[in-house]
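Just so it is clear, none of the values below were taken in a lab; they were calculated from the coordinates. Every value quoted in this text rests on a predicted model; they were computed, and no experiment measured them. Note that we place each Cβ from the backbone using ideal geometry, even for glycine, and neighbour counts take in every protein chain shown.
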Amino acid sequence: MKLVLASKNQKKLVEMNDILSHLGIEVCSEEEAGVGLEVEETGATFEENSLLKAKAVMEASGLPAIADDSGLCVECLNGAPGVYSARYGGEGLSDEERYRILLENMRGQMTRAAKFVSVITCCFPNGGVLTARGECPGSIAYAPMGEGGFGYDPVFFVPELKKTFAQLSAEEKNAISHRGKALEAFKEKLEEYLG
């Protein structure tokens, strides 16, 4: 089965294929499916944004489309950046500029609890919709550590492993990450859906 990923993020594409390939599922890029959409994320929740993206790409490609809307929710910032994680601090910033703004906004905060949230939605041409959510609790480090991952990974610290997401191998990260958990839950729902 082939799914189109409603995202331009190549790292997300690799992560999805890593987790779903042993189900016989190939996830291709929008480009490979001949789609070049910029879906506006106008939803107030990860669920709403994930559905908007999957539905738009499914309608444009005629193929089942999978979307992930994810972000970082920081307790002392009332859940920010949340659904605005990719646009935190304004348009056109690099990942590093975004997490530096986050660290600056948390200066002096002793409460560093945070969680990554991922919502996966898959829309099928027959009208079927599957949705799965995953969360990974952690805390915000005082300084970036590690070279791996993307986004806020260098500042997202996992206390049990005493490492940030950016210090984990792909296998370690997929085993505990919000996206890994959401994809595992999605995989179960998909197996059921496909019967």
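Bridgeable lysines around residue 181 (alpha carbons under 19 Å apart, same-chain partners fewer than 8 residues away excluded): 11, 12, 115, 163, 173, 189.
Computed from the C-beta positions of residue 18 and residue 44 and an R0 of 35 Å, the FRET efficiency is 0.70 to the nearest 0.05. When each of the peptides 182-191, 100-109, 45-54 is scored by the mean number of other C-beta atoms lying within 10 Å of its residues, the order from highest to lowest reads 45-54, 182-191, 100-109.
Compute the Rg/Rh shape ratio of the range 41-195: radius of gyration over Kirkwood radius, all on alpha-carbon atoms. Rounded to two decimals, Rg over Rh is 1.00. Residue-wise HN-Hα couplings along the range 161-175, as the Karplus relation 6.51 cos²θ - 1.76 cosθ + 1.60 with θ = phi - 60° gives them from phi, are 9, 6, 9, 8, 4, 6, 9, 8, 6, 4, 5, 4, 5, 4, 5 Hz; Gly and Pro carry x. Counting only Cβ charges, +1 for Lys and Arg and -1 for Asp and Glu, the dipole size of the chain around its Cα centre is about 460 debye.
Around the Cα centre of the range 144-195, unit charges on the Cβ atoms of Lys, Arg, Asp and Glu (plus for the first two, minus for the last two) sum to a dipole of about 140 debye.
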